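To keep things clear, I will list the structure first and then write my remarks on it.
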Amino acid sequence: MSDHTKLEVEHELEIAFQAKIDDEQKVEPKDWMPEGYRKNLIRQMSQHAHSEVIGMQPEGNWITRAPSLRRKAVLLAKVQDEAGHGLYLYSATETLGISRSQMIEALQTGTAKYASIFNYPTQTWGDMGAIGWLVDGAAICNQVSLQRTSYGPYARGMIRICKEESFHQRQGYQIMIELAHGTPAQKKMAQDSLNRFYWPSLMMFGPHDSDSAHSAKSMKWKIKRETNDDLRQKFIDQTVSQIEYLGLEHPDKALVWNEERNHYDSSDLDWDEFYSVINGNGHCNRQRIQHHIKAHEEGAWVREAMAAYKQKKQLKNATNAA
Amino acid sequence: MTTEKLELFEVFVRPKRGLDHKHVGSLHAEDKEQALEYARDVYTRRTEGISIWVVKSGDICASQEDDRESFFDPSDDKPYRHATYYPLPKEISNM
Ligand SMILES: [Fe+2]
Ligand SMILES: [Fe+2]
Ligand SMILES: [Fe+2]
């Protein structure tokens with residue numbers, strides 16, 4: 001086939017692909033897809049998987065210090081869920097033809113990103129409340145929308161994850177209720193956690209649509225179903241009454257209801273901070289990756305033992321068969 | 001050539017784009033290509049699906065239902081894994 005006809009064929013395939021997307025049909029692993037679609041998905045899905053896995057660290061940090069056995073069990077169950085979410089997402093990404101080890105390597109060498117929120121330290125027990133409530137809350141907003149993403153394995157993974165995610169936000173909010181309605185010191189702790197985690201939670205939705213490098217393509221391919229700014233607005237709106245109920249002060253002093261828009265107007269975010277943390281200069285970036293590498297290396301003997309066991313079994317089966 | 005010992009395959013059908021493949025039954029076939037055609041002929045005569053998977057039954061590793069108590073038990077006593085374990089105040093309607 002000449003280069004020219006090859007290009008034509010490619011072009012026709014692309015038109016048919018877009019027609020399928022426009023018709024709300026899902027794309028499945030063995031379907032033809034444009035290279036850009038595949039790349040874009042691998043980037044987004046692996047980033048999502050890395051976020052689930054790295055996200056275990058800030059909360060894992062408090063498992064041994066949870067204030068009661070029940071709190072410990074709840075936190076442990078939540079962190080365990082996040083590990084599972086990472087697994088679902090890595091597996092779904094692998095259907096696009098990238099290997100698990102390639103993804104891990106990209107994470108560990110910094111070519112792949114993860115949600116910048118996890119580079120903030122968890123300093124108090126109140127942070128466990130704020131994270132479940134705000135960070136998982138923001139993640140849920142995003143993930144509910146992604147249940148309708150165009151790539152079948154990703155959409156189905158999101159449906160499963162959203163089901164499991166429902167308790168994460170509630171257990172966090174419950175911690176906040178107890179602190180906010182507790183002693184003055186506890187209430188102060190709740191306020192402090194809210195103040196520190198509110199802004200980075202809003203940043204989880206990513207840059208403004210106008211500054212988002214991948215947004216337009218992602219929307220056209222229906223990888224994303226709602227824009228960063230729309231999802232962020234939804235989250236801002238829904239959080240107001242939740243803060244009110246806690247009796248805490250809203251961190252955004254410029255927040256005001258806009259009758260015309262039927263939404264809250266709010267302060268713009270500190271985008272310098274956002275880019276600085278994304279680019280590696282947050283409080284915990286180095287620590288998070290170092291810990292991941294350490295855990296990965298310390299697990300090497302388990303993987304080796306499993307491989308040796310498999311080999312031994314194969315040898316035994318071969319001798320039995322002979 | 002033996003015609004008695006055909007292999008057993010399990011058949012999974014995806015009813016619609018976007019949905020999971022669902023187990024629908026099994027059949028005998030000489031090889032996987034044949035299994036796929038048979039599956040089409042016997043399981044999708046009324047456009048029950050848009051995609052079929054066939055897997056050798058012997059390749060499926062299954063848990064034993066008799067063992068389910070010890071196999072699944074660890075999750076039964078953890079009600080806190082469900083959102084309903086955390087009652088929401090009535091003022092909060094959007095969580
Ligand atoms: Fe998660
Ligand atoms: Fe979560
Ligand atoms: Fe998530």
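The values are calculated or read from the model by the stated rules, or taken from the named source; none is laboratory data. Treat the numbers as computed from the prediction; the structure is a model and nothing was measured. Every residue, glycine among them, receives a Cβ derived from its backbone with ideal geometry; neighbour counts consider all protein chains shown. These accessible areas exclude ligands, DNA and RNA; they are computed on the full protein's heavy atoms, side chains included. Shrake-Rupley method; radii C 1.70, N 1.55, O 1.52, S 1.80 Å.
When the stretch A:55-79 is limited to residues that are within 20 Å of residue A:108 (Cα to Cα) and without any contact (Cβ under 8 Å) to a residue 40 or more places away in the chain, the one that is farthest from ligand 1 (Cβ to nearest atom) turns out to be A:60. Every condition in (1) touching a Cys at 6+ places or on another chain (Cβ under 9 Å); (2) of a type outside the set (S, T, N, Q); (3) open to solvent by 50 Å² or more (accessible area, probe 1.4 Å) is met by residue A:231 except one, and the failing one is (3). In the condition set (1) within 14 Å of another protein chain (Cβ to nearest Cβ); (2) closer than 23 Å to residue A:278 by Cα; (3) within 12 Å of ligand 3 (Cβ to nearest atom), residue A:114 is compliant with all but (1).
In the stretch A:204-228, the qualifying residues are those that are free of Cβ contacts under 8 Å to residues at least 40 places away in the same chain and open to solvent by less than 40 Å² (accessible area, probe 1.4 Å), and the one that is nearest to the chain's Cα centre (by Cα) is A:206. When we screen A:83, A:77, A:92 for residues that are open to solvent by 20 Å² or more (accessible area, probe 1.4 Å), assigned to a helix (DSSP H, G or I) and small (Gly, Ala, Ser), the only hit is A:83. Restricting attention to the stretch A:1-54, the residues that are surrounded by 11 or more Cβ atoms within 10 Å (Cβ to Cβ), without any contact (Cβ under 8 Å) to a residue 12 or more places away in the chain and among the basic types (Lys, Arg) total 2. Taking the stretch A:108-188 and the helices (runs of 4 or more DSSP H) fully enclosed by it, the elements with 3 or more residues that are open to solvent by 40 Å² or more (accessible area, probe 1.4 Å) are at A:152-180. When restricted to residues that are farther than 27 Å from residue A:218 by Cβ and away from chain B (no Cβ under 13 Å), the stretch A:45-82 contains 10.
Residue B:62 meets all of the listed conditions (1) within 12 Å of chain A (Cβ to nearest Cβ); (2) modelled with pLDDT under 95 but one, namely (1). Among the residues of the stretch A:77-96, the ones that are among the acidic types (Asp, Glu) and either more than 14 Å from ligand 3 (Cβ to nearest atom) or on the phi > 0 side of the Ramachandran plot (or both) come to 1 in all. Please count how many residues of the stretch B:17-52 are surrounded by 12 or more Cβ atoms within 10 Å (Cβ to Cβ), among the basic types (Lys, Arg) and either within 14 Å of another protein chain (Cβ to nearest Cβ) or over 19 Å from residue A:30 (Cα atoms) (or both). Of the residues in that region, 2 qualify.
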